[in-house]
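Okay, so here's the structure we're looking at.
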Amino acid sequence: MLHFMFDEPENERNETLTETYSLMDQFAAIMVKRIKDGQDHNNKLRKFEIWTLGLRSSLRELEQSQYAALRFKERIVSISVEGMEEAERLNYERYVYFDKNSFIRVFSLLDKLGTLLNDLLEMETEKIKPHFSYFTVLRFMRERNAHPNLTWKLSAIKDLYKEPMNRLRKRRNTEIHYMNSEMQDDLIQNQRMYGEEIQLENIALQADDLARCLLMTIESLRLTFQYACKLMRDKHV
């Protein structure tokens, strides 16, 4: 979708990502078949189909935005905005745009996944916390030891990427509630060395965190839809 900006083909995907898309398509197809067979008496299957297609689109948008952020990041060589020529400054602004777009999308996508999991597995998290996140649903699944074949795999993935996710969450919260996230380090540095040239935020660490959190998101989706396909084949909703 965005590879055209770098004169590249649009079909570059890794195996895990390809498998994840395939599992999501399989799950949506199962829903369609059951709907056509007259099994969707309460429109629940149609809802699962729509949510799955939405998650698929969200994943595509996220992985494309992350890739664009990475490519624009590679074009930045200066250590401060003040030291950039016009072309590099434009690439930096493009990096900031796609980086910000990506880390906001990570949490948006995971929360959509949490909504699907909550309904699909009948966790009823909303009775305890009306406005819940993916991590709330996962915690509730652990506490109830519900669907352990999925729950503990998702928990292991969450723990594996805990540090980059925490840093990404901090940046997301800063962006949404306080200030532009890329300016937070500027503020801190400005307070320490007023009047001196302010260096760029650590974009290498930011890019690595974003890449790792994308992997966490893809793997969480892959495990979820692998389990969901088996669940639907084994029982009728």
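Hey, could you check region 105-115 for residues that are out of contact with any Leu (no Cβ under 7 Å at 6 or more places or on another chain) and not aromatic (Phe, Trp, Tyr) and say which is surrounded by the most Cβ atoms within 10 Å (Cβ to Cβ)?
Applying the first criterion (out of contact with any Leu (no Cβ under 7 Å at 6 or more places or on another chain)) to region 105-115 yields 107-108, 110-111, 114-115.
Remaining after also requiring not aromatic (Phe, Trp, Tyr): 108, 110-111, 114-115.
Details: 108: 14, 110: 24, 111: 16, 114: 21, 115: 19.
In this case the residue turns out to be 110.
Any idea which of 94, 34 is at negative phi, touching a His at 6+ places or on another chain (Cβ under 9 Å) and in a helix (DSSP H, G or I)?
34
Kindly establish whether residue 118 is out of contact with any Leu (no Cβ under 9 Å at 6 or more places or on another chain) and under 23 Å from residue 155 (Cβ atoms).
On the way: out of contact with any Leu (no Cβ under 9 Å at 6 or more places or on another chain): yes; under 23 Å from residue 155 (Cβ atoms): yes.
It is true that residue 118 is out of contact with any Leu (no Cβ under 9 Å at 6 or more places or on another chain) and under 23 Å from residue 155 (Cβ atoms).
Determine which member of the set 166, 173, 149 is in a helix (DSSP H, G or I), in contact (Cβ under 8 Å) with a residue 40 or more places away in the chain and loosely packed, with under 15 Cβ neighbours inside 10 Å.
149
Can you tell me which residue within region 74-104, out of those that are under 22 Å from the mean Cα position of the chain (by Cα) and surrounded by fewer than 18 Cβ atoms within 10 Å (Cβ to Cβ), is farthest from residue 203 (Cα to Cα)?
If we take residues in region 74-104 being under 22 Å from the mean Cα position of the chain (by Cα) and surrounded by fewer than 18 Cβ atoms within 10 Å (Cβ to Cβ), then 101 is farthest from residue 203 (Cα to Cα).
Rule-based calculations on the coordinates, nothing more; no lab input. Since we're looking at a predicted model, the values are computed, not measured. A quick note on method: Cβ atoms are made from the backbone with ideal geometry, for glycine too, and the neighbour counts reach across all protein chains shown.
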